[in-house]
Structures are given as structure tokens and as C-alpha cells.
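Written below as C-alpha cells is the structure these notes are about.
What follows is calculated from the coordinates using simple rules that are stated; it is not laboratory data. The structure presented is a predicted model; accordingly, all values stated were derived computationally and were not measured. Here the Cβ is made from the backbone with ideal geometry for all residues, glycine too, and neighbour counts use every protein chain on show.
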Amino acid sequence: MKLLIVDDSMIIRRSIERILTRTRFQEVRVAADGKRAVEEARAFRPDVVTMDITMPQLDGLSAVERIMLDHPETKILVISALGDRHTAVEAVKRGAEGFLLKPFTAEELLTAIEELFESE
Amino acid sequence: MHKIEQLLSVFVNGASRYFLEATGESAETGAPYLLGPNEIGVVLLGPAAVIGISGGHRGCIIFTAEQIMAEALVRQMGEPVIDAQLCADMIGEVANTISGNAREVIGSDFMISVPVMLAGRLDPVLLPRGVDIFVIPVVWRGHNSHLAVCLEAAP
């Protein structure tokens, strides 16, 4: 399976990659902003995207919307520090299937990814 | 609108929660103190990041830590090799996470920017004029850091 990791923090991208490449993902690409994420999603066609929200160029919620328009079968897990309920609801409205609040543990991330597939 | 005492409480609790949840080890937070007009220089301890705030409040949140704390946090994230870029990135992520988590209490009109990294000094241009700066000391594994809160209600 293919995974696209989107976060403007390099240390978070690398942490997510270390945790998730131990599981179901064989191919991984990364993007550091929402605009680049949309471009990568078009070229790479990931099965799963982990998406930050507060990023330069294009915010994560807008990127979720654009990726879902292009590839509605993509599973998107929003991973953000924004702790208000409104943001989580908005992420789901735009097409995300999960929301994980930062900071997160490896176990919490693995659980959130597995939950994306439980609805199948 | 939140009073400054309520806002400071949000950030004291937020700093404690960040270290406990991110590292599994709690941090000690000291009582916030008001910075004097010529004391901006004492805020910075090492790598530092500024989060701009807009919406219902305006101002900024600054997180800065001793280099040794930044390195310990990077190591905690599983990085085998430590460098200055990773340390700066880590400090930016701490500032971003504590500020973003604050929306749970303050609300979704507490808009945060991406982190701006500071290179060695705090330019007063980044700070809103006439707004008090409160410093919250945060000690984790014996290493020092400061969370500076510089906020006022938006006009």
C-alpha cells in the first residue's frame, strides 16, 4: 500500500514514517505543505494520507478537499495540534475519515490508521 | 473573552500536558511572571520559535529551550543523529502543538500561524506594542525552557 505523509515539520514527517513503515505501507512519499500534497496525491495516488492542517502555501483542510475531489477513494487521517471540536468536524466534513490530536504516541497513530480500514 | 489569568492557566496546563503526552515524563511549570520593558533578551535560552496569533486575540506565543533540551526532545522522537535543523524543527513543533491545543479551551477563533524560527535574538518588531509579555518557566528532565505569552483581545 502507498502512504503520503503531509506535515511542515520534518521531525513529525520522519516520526510518522518510522512508525508506519513497520506496518502495511511499502511505498511512502512526503510533502511539506498542502499545495505540494495535492500535487503528490495526483502523481502518486496514495491509499492513505496523513495530513497536518497548519501549513504554508495551502492549509491541510483545503488540501483534504482537493485530494478528495481528485481521488475520493483515498483514506485521509488528519493529524493536527488544533484541539477544538470545530476543526475535527470540519476535517470530516471535507472528507477525512479520522482525526488524531498532536502530540500522539506510536500506539495512538497505529490505532488511528487501523480504524481507517475497520469501516471497510 | 478570556482574561489574561485564564489564558496563562491554559498555557501552563498546555505545557505540562505536552511534555507528559509527548515524552511520558511530566515537566515542572513555574508561576508565570511579567517581563519588564527591557528584559526581552532574557527570554531566549537557545532555539526559539514564534507562533503568531490572530482572530479573537492578537499577539504571539514563543517557545524557547536550552540546546540540551532541544537535543533530548529530538532523541526522544527516535532520531539517531541530532543536528541544528532538527532541533529548530522540534522547538517549532512544541510551540505549534501547545498553541494549537489551546484552541480546545480558547476556541476556534484563536488562529495560529506556522512557526517562525528565531536566529539568536528576539526582534521586538515581532511583538505587538504595549502588550505585556508573561513568561512561564518549564523544566523537563532538569533542562530549562520558557513559554512566553504575549496576547491581547483583538480590537
Exercise for review: Determine the sum of side-chain charges near residue A:12: Lys and Arg each +1, Asp and Glu each -1, restricted to other residues whose C-beta is under 12 angstrom from that of residue A:12.
Suggested key: -3
Review point. With contacts defined as alpha carbon pairs under 8 Å and 6 or more residues apart, what's the relative contact order of the range A:2-118 in percent?
Key: 23
Exercise for review: Kindly put B:143, A:86 in sequence by how many other C-beta atoms sit within 10 Å of each C-beta, fewest to most.
Suggested key: A:86, B:143
**Study point:** Principal semi-axes in Å for the range A:2-118 [√(5λ), Cα gyration tensor, largest first]
**Key:** 17, 16, 14
Revision key, fill the gap. Sites removed, the longest contiguous part of chain B containing no DSSP-loop trypsin sites (Lys or Arg not before Pro) with at most 12 other Cβ within 10 Å is B:4-120
Check your understanding: Using a Gaussian network for chain B with springs between C-alpha atoms less than 10 Å apart, which of these wobbles most: B:50, B:94, B:116?
Key -> B:116
Point to revise | Over 26 Å [Cα-Cα, chain B], rounded percent | key: 19
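What helices does chain B hold that run 15 Å or longer along their axis, going by alpha-carbon atoms, with a Kyte-Doolittle average of 0.5 or more, using DSSP H for the helix calls?
Membrane-span-like by this criterion, though nothing is claimed about a membrane: B:4-23.
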**Study point:** Cα-based equivalent ellipsoid, the range B:81-155: semi-axes from gyration tensor eigenvalues, Å
**Key:** 23, 16, 14
Check your understanding: How large is the Kirkwood hydrodynamic radius of the protein assembly as shown, in angstrom, based on all distinct alpha carbon pairs?
Key -> 19.0
Point to revise | Within the protein assembly as shown, helix-based [θ] at 222 nm, where runs of 4 or more DSSP H residues each add -39,500 (n - 2.57), nearest 500 | key: -12000 deg cm²/dmol
Study note, to complete from the structure: If amide H atoms are modeled at 1.01 Å from N in the peptide plane, then the residues at a separation of 5 or more from residue B:46, or on another chain, having amide H under 5 Å from its own are B:65
